[in-house]
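**Q** Structure incoming, see below.
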Amino acid sequence: MNKIFKNPIILALDFNSLTKAQSIVSDLRNHIGGVKLGMEFFNSFGPDGVKEISKYGIPIFLDLKLHDIPVTVYKTVRKLMELDIAIINVHSSGGREMLEAAAKARGEFNDKSTKLIAVTVLTSLDNKDIKEIGFNDNSEDLVLRLASLAKDSGLDGVVCSAKEISLIKNKFGKNFILVVPGIRLEEDNKNDQKRVMSPKKAIDAGADLLVIGRPITDSKDPKKAIDNILKNIKQ
Ligand code: C5P
């Protein structure tokens, strides 16, 4: 399977139809960098569904956000590594031992090109929610703390919101991979995204890969939508 992202667009395939996902990938694979398959897809179609998408030779970000005791995460990452995907993710709040177990499982395979990244704080949580769970840091400090834990534990990067890109990039350097959702062009429908950033601003701030779904999949002309995003980045 190909793990090279030829451009920064990771297309989010948020459907529970395998045929629809296959038809979109077949049509757009030469225009995008990769695709993101999430929990809904994985719980509907399992590893066989991932293998079906893999057949198109496009890098896959499998967004399962693992969070469990270290041995369970270790065994799960080992199983996922057999699928030969480009990016796997876990929750940083699973703690150092869990993160190290995930990194160990990834490291046990000869091909080290699968990237292991962490979710820090879900962007659906605000400071009030964070306090209610029992964390005393505000969201920014907590994001930095959890990104630092991920880096120390041998992970390659984090998923972060647009507003955190510069903060994390400045602190952890250019090799720490930032995967960023919530990307919209000026003219796009924001859907349920509250805080959005343009592709260019996100890349200029230090994003490495952009997760974009509906602006492309809901478009009447998805190839043109992709072209417009790539043009925006090059401006
Ligand atoms: O359609 P849209 O471009 O909003 O899709 C963005 C994708 O990124 C979705 O799969 C969504 O679940 C995911 N995501 C997000 N915001 C986060 C984390 C993930 O929109 N903070």
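**Q** Could you please tell me the mean projected area of the C-alpha convex hull for region 56-100, averaged over all directions and given in square nanometres to one decimal? Don't jump to the answer; show the numbers that get you there.
**A** Numbers: hull surface 12.2 nm².
Average of the hull's projected areas for region 56-100 equals 3.1 nm².
**Q** Using 1/(1 + (r/R0)^6) with R0 = 22 angstrom and r between the beta carbons of K234 and S166, what's the FRET efficiency to the nearest 0.05? Present the calculation step by step, with values, prior to reporting the outcome.
**A** Details: r = 20 Å, r/R0 = 0.93.
It comes out at approximately 0.60.
**Q** If you stretched the chain out fully between K223 and E186, how much longer would it get, using 0.36 nm times the residue separation minus the C-alpha to C-alpha distance?
**A** Working: separation 37, 0.36 × 37 = 13.32 nm, distance 1.78 nm.
That pair, K223 and E186, stretches by 11.5 nm at full extension.
**Q** Still on this structure: Simple spin-label model, 7 Å along Cα-to-Cβ: D137 to T72 in nm?
**A** The answer from the label model is 2.4 nm.
**Q** Given a 1.4 Å probe and every protein chain left where it sits, what share in percent of the accessible area of the chain is carbon and sulfur?
**A** Working: 5560 of 11760 Å².
Ligands and nucleic acids excluded, carbon and sulfur reach 47 percent.
**Q** Among the lysines, which fall within straight-line cross-link reach of K112, defined as a Cα-Cα distance under 24 Å, with same-chain neighbours fewer than 8 residues apart omitted?
**A** Excluding near neighbours in sequence, the set is K3, K6, K36, K51, K55, K65, K75, K79, K104, K151, K169, K174.
**Q** Oh, and also: Largest first, please: the extent of the C-alpha atoms of region 184-229 along each principal axis, to the nearest Å.
**A** 30, 23, 16
**Q** For region 180-235, with only Lys/Arg (+1) and Asp/Glu (-1) charged at the beta-carbon, what is the dipole magnitude about the Cα centre, in debye rounded to 20? Intermediate results must be reported in sequence, preceding the final value.
**A** Numbers: 12 positive and 9 negative charges, 10 e Å.
It comes to approximately 40 debye.
**Q** Translational D (Stokes-Einstein, µm²/s) of region 1-144 at 20 °C and 1.002 mPa s when Rh comes from the Kirkwood sum over C-alpha pairs? All intermediate terms of the calculation are to be shown ahead of the outcome.
**A** Working: Rh = 16.2 Å.
After rounding, the answer is 132 µm²/s.
**Q** Please calculate how many Å² of accessible area the chain carries per residue, with a 1.4 Å probe and no DNA, RNA or ligand atoms counted.
**A** Details: 11760 Å² over 235 residues.
Per residue, the chain has 50 Å² of solvent-accessible surface.
**Q** I would also like to ask the following. Calculated from DSSP H runs of 4 or more alone, at -39500 (n - 2.57) each and per residue, what is the 222 nm mean residue ellipticity of the chain, nearest 500?
**A** On the way: 10 runs with 104 residues, N = 235.
Computed mean residue ellipticity for the chain: -13000 deg cm²/dmol.
The values are calculated or read from the model by the stated rules, or taken from the named source; none is laboratory data. Here the structure is a predicted model, which means the values were calculated and not measured. Quick reminder, even Gly has a Cβ in these numbers, built from the backbone with ideal geometry, and neighbours come from all protein chains shown. Surface accessibility is based on the protein's heavy atoms, side chains included, excluding ligands, DNA and RNA. Shrake-Rupley method; radii C 1.70, N 1.55, O 1.52, S 1.80 Å.
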